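One structure is given below, encoded as structure tokens.
The values are calculated or read from the model by the stated rules, or taken from the named source; none is laboratory data. Nothing here was measured: the structure is a model prediction, and the numbers come from that model. Please note: Cβ atoms are built from the backbone with ideal geometry, for glycine as well, and neighbour counts cover all protein chains shown. Accessible surface areas use protein heavy atoms only, side chains included; no ligands, DNA or RNA. Shrake-Rupley method; radii C 1.70, N 1.55, O 1.52, S 1.80 Å.
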Amino acid sequence: MNEQEINRRRTFAIISHPDAGKTTLTEKLLLFGGQIQVAGAVKSNKIKKTATSDWMDIEKQRGISVSTSVMEFDYRDYKVNILDTPGHQDFCEDTFRTLTAVDCAIIVIDGAKGVEAQTRKLMTVCRMRKTPVIVFINKMDREGRDPFDLLDEVESELQIKVRPLSWPINQGQRFKGVYNIYEQRLNLFTPNKQMVTETVAVDIHSKELDNQVGTEDAQKLREDLDLVEGVYPEFDVSTYLSAEVAPVFFGSALNNFGVRELLDCFVEIAPSPRPTQAEERTVEPTEPKFTGFIFKITANIDPNHRSCTAFCKVCSGKFVRNAPYLHTRQGKTVRFSSPTQFMAQKKSTIEEAYPGDIVGLPDNGIFKIGDTLTEGEPLHFKGLPSFSPEMFKYIENTDPMKTKQLSKGIDQLMDEGVAQMFINQFNGRKLIGTVGQLQFEVIQYRLENEYNASCRWEPVSLYKACWIESDDETELDAFKKRKYQYMAKDRDGRDVFLADSNYVLQMAQQDFKHIKFHFTSEF
């Protein structure tokens, strides 16, 4: 029974540069999964429903996703779990962590802009982990670049071979539709945000094609397809699964076009849950005993309840409600009476979950990102780094009456991994380090709105925070004495050196040969 369940799971993340249309694509997939009846156009003011997967106020105001949402739906015989990730680069750390919890990814690229910086970064993570990817080239209903040029750019920028499985017929105002190479059908485009377009089975060399799209476009399509067949090798699923080749689809997510083809092909070829690497051994999804790890913690999904939810990815066995599980870091046994699964904001309590599923566990402060749950075996899943922050500000309390709320709020937000907190050993002040400016605004906004606490930021010019360790105690002491104004502790009490310039850091590395300087917290 377990094997059947595992084989029908598809767990993936949608990644892209901001504004390439990722949240819109997620919505359309949910539309086909029958989870939502009408898609909320994210940016249009006419439809007052905002996007289903963005539930924090700040996301609604700005039209960006800042925390990963988890959604699941059934499609045909498959159970699909989507993790929608923030595209904005200030939140890339959240996205990197999400990529550790998925078996494959869909990369969305804007047809007019091509490959952008953020997409490159995320692809590097996929390459490191050999995660199979499918590329969706979006916004074909706007004037954009030549499809062949786009494919060349994807190959060179993302360092992966591509194979188109659908082909656009013109673009922008003259966009007629897409020929689906994978199923050899023609899909005709009618611009409508709520309706799904018609598909026609046509023989590519028949007169019928000319009748459907006009002689000129039909001729161009035939030439393009000949070229595609000539340039790109036959599509082979095994090269996709080994992350050597990325299948490419064209379409327009906003107009619901080309999305179903993507989904149909995706559920057929995408991998079911794969083995997960723990520090002790490799865990196979088919093992009878439950294991899982926490890859994300979110405070206040429901503003009426001040609770956190920890997202647990099931790696093997079967998760059962109320069963006793070992929390390996704390060595405690824990039980969960109300584990949930999500459909954006709506969550429902579940009795069981299988490998590939994401379960929301109510968290009263017992979890940290990267924690492992098992049926008793002391396992530790790895690969959830915290990166060395590059922007720093002191956080100051502006309302002495609300000191308690502020510190509780900071604690919970740090547990989520939104940012990192260090305590300066010299003056005892709290220092927040982030990857980007936007995170400071989000922290301030959420402290005010969710914890009723107000803070102000005091800028401090630092270059980098790095974790230090050494086997040579005397040298470590000498270093701490010399740099006492720049020493801090992280929340786990580890030593952190706050270098105020690249030069200072290099000099420190030269002068203290026996000290190791780390730029991620995972060492």
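Summary table below
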item	result
Partner aspartates and glutamates for Lys483 [C-alpha distance under 20 Å; skip if fewer than 8 residues away on the same chain]	Glu390, Glu469, Asp471, Asp472, Glu473, Glu475, Asp495, Asp500, Asp511
Whole-percent carbon and sulfur share, accessible surface of segment 434-523, 1.4 Å	47
Accessible surface of segment 131-171 [probe 1.4 Å, protein heavy atoms]: carbon and sulfur percent	39
Potential extension, Asp149-Lys220 segment - 0.36 nm per residue separation minus Cα distance	24.0 nm
Segment 219-293 - percent of accessible surface contributed by carbon and sulfur, probe 1.4 Å	52
Computed E for Lys480/Lys113 - FRET, C-beta separation, R0 35 angstrom, nearest 0.05	0.15
Inter-site label distance for Val231 and Arg335 at 7 Å from Cα along Cβ, in nm	6.2
Restricting segment 348-385 to GluC sites (Glu not before Pro) in coil, as DSSP defines it, with at most 10 other Cβ within 10 Å	Glu351
Net length gained if the chain between Val267 and Tyr394 were fully extended (0.36 nm per residue, minus Cα distance)	41.0 nm
Listed residue pairs exceeding 28 Å between alpha carbons, taken from Lys121/Lys480; Lys28/Lys289; Lys289/Lys382; Lys121/Lys382	Lys121/Lys480; Lys28/Lys289
Point-to-point label distance, Lys408-Lys489, nm (Cα→Cβ direction, 7 Å offset)	2.4
1.4 Å probe accessible area per residue over segment 138-184, in Å²	44
